[in-house]
Every structure is written in C-alpha cells, then in structure tokens.
1. Take residue 87 and tell me if it is surrounded by 15 or more Cβ atoms within 10 Å (Cβ to Cβ) and of a type outside the set (D, E, K, R).
2. Looking at region 131-142, is at least one residue loosely packed, with under 14 Cβ neighbours inside 10 Å, without any contact (Cβ under 8 Å) to a residue 40 or more places away in the chain and not assigned by TED's automatic domain parsing to the domain that holds residue 16?
3. On the given criteria, is residue 167 free of Cβ contacts under 8 Å to residues at least 12 places away in the same chain and not small (Gly, Ala, Ser)?
4. Kindly list the number of the only condition in (1) outside the structural domain of residue 148 (by TED's automatic domain parsing); (2) surrounded by fewer than 21 Cβ atoms within 10 Å (Cβ to Cβ); (3) within 30 Å of residue 145 (Cα to Cα) that fails for residue 116.
5. In region 21-46, which residues are within 26 Å of residue 125 (Cα to Cα) and assigned to a strand (DSSP E or B)?
6. Has region 165-174 got at least one residue that is over 13 Å from the mean Cα position of the chain (by Cα), part of a loop (DSSP other than H, G, I, E, B) and surrounded by fewer than 18 Cβ atoms within 10 Å (Cβ to Cβ)?
7. For residue 153, which of the numbered conditions (1) more than 17 Å from the chain's Cα centre (by Cα); (2) in the same structural domain as residue 85 (by TED's automatic domain parsing); (3) at pLDDT below 80; (4) not polar (S, T, N, Q) fails to hold?
8. Looking only at strands (runs of 3 or more DSSP E) that fall completely inside region 47-145, which ones have 1 or more residues that are charged (D, E, K, R)?
Amino acid sequence: MTIAPDHDALFQIAEAQAGYFTAAQACPAGFTRSLLGYHVRSGLFERIQRGVYRLKRFPSAPHEDLFIACLRVGPQAVISHDSALALYELSDHLPAEVHLTVPRTTSRRHEGLRLHTNRLEAREIAFYNGLRATTVPRTIVDVAVGGLADELVTQAIHQAVRRGLTTPEELRIANPRGNRRVAGLFAQILKEEPPK
C-alpha cells in the first residue's frame, strides 16, 4: 500500500532543520526517492547532496552548513569543538571545517567534515539555535584540549561568563580529561576579573 505524501509532515520536519531534510526523514511522510526526484525537477525541493534536500522556498537561516553537516552524518552527530565555539559566538576563531562529535560506530567517510569520536553524556549536549551542540563548558574544554590558542580560550571563557551561557563554577567542574595544562589555564583565567 502506497502512503500519500504528507507535505505538512515534511514541512514540520524541515522547519526544525532550517528547511533541510533527509530522504530517510521524508520516507515516513510518504516521499519515495522517485517522488523526491520529481519534486526536485519541478522546483519544489532542492537536492543539496546525496540524501539531503531543502525546501526550495524556505527562507535562508544562519548556520545552514551546520544543519547540512548533521544531516549528512546522522542523528547522533553533535556540533562540537571549533564549530560549537563559532555557533555560540564565543571567540574570533573561524573554523576551517565543520567539527562534529559522533559515536565510534559512525562512518568516517564524510569529506570536508572533522569528526571526533567520543561518547557524550546527555548533560554535555544542549540545543542551541535548533542544533544539537556540546554545552558551553564542554565546548571550551574540547577546544582548549585540542590546542586552540590560550588567548582565544580566555576570550571564550570571558564571553561565555559575561553573556550568562555558563558560570565559573560550571567551568571549574568541567573535566579537561586529565590535561594538567588546560586545568591550570582554566584555574588562572577563572581567577582573573573578566574585561567589561
């Protein structure tokens, strides 16, 4: 039995993802691959890359590249490291590629993406601007451990505290995974009075 395509259901899925959706997400709404192809040819949908589509008339949104990256990799993907830092607008650092944290079982074949394999606890994941991202404390720990320049880590901590995205206490208990240099840097920064 063929399911009639439900455009409203597909719109609800895409609306939460800046107008983007995957073929797998469209299937339960009654959109077969051939029907997706038909709507691409008729101009209703835009094929972004294999398996990822966009509602053509959906307005542009910030961070569309991050939505596309998450959809490419799958529902377990979490924006992290440099990309999460940019998403939260916590430093002047602009990442050269999209960083995602994924489970170890995720395929590593995603050109142009920087995948970090790690297990994240639920308390380390937040929703920000419609995207699953590591929390601010986890993000700052990740970029510090990853070697981001100390002045950019300092800037990120000061921005995050000043904007109320985290607290000094949350940053103190963030786990730099045994990295003594990062733990010392955090302790030093958190002793300082942040600039106004």
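The values are calculated or read from the model by the stated rules, or taken from the named source; none is laboratory data. Please read all numbers here as calculations on a predicted model, not as lab measurements. Cβ coordinates were reconstructed from backbone atoms using ideal geometry, including for glycine residues, and neighbour counts include every protein chain displayed.
1. So residue 87 passes the test.
2. No, there is no match, as no residue in region 131-142 is loosely packed, with under 14 Cβ neighbours inside 10 Å, without any contact (Cβ under 8 Å) to a residue 40 or more places away in the chain and not assigned by TED's automatic domain parsing to the domain that holds residue 16.
3. So residue 167 passes the test.
4. It fails just one condition, (1).
5. Passing the criteria: 21, 22.
6. Within region 165-174 (the criterion being over 13 Å from the mean Cα position of the chain (by Cα), part of a loop (DSSP other than H, G, I, E, B) and surrounded by fewer than 18 Cβ atoms within 10 Å (Cβ to Cβ)), the answer is yes, since at least one residue qualifies.
7. Failed condition: (3).
8. 52-55, 113-117, 131-134
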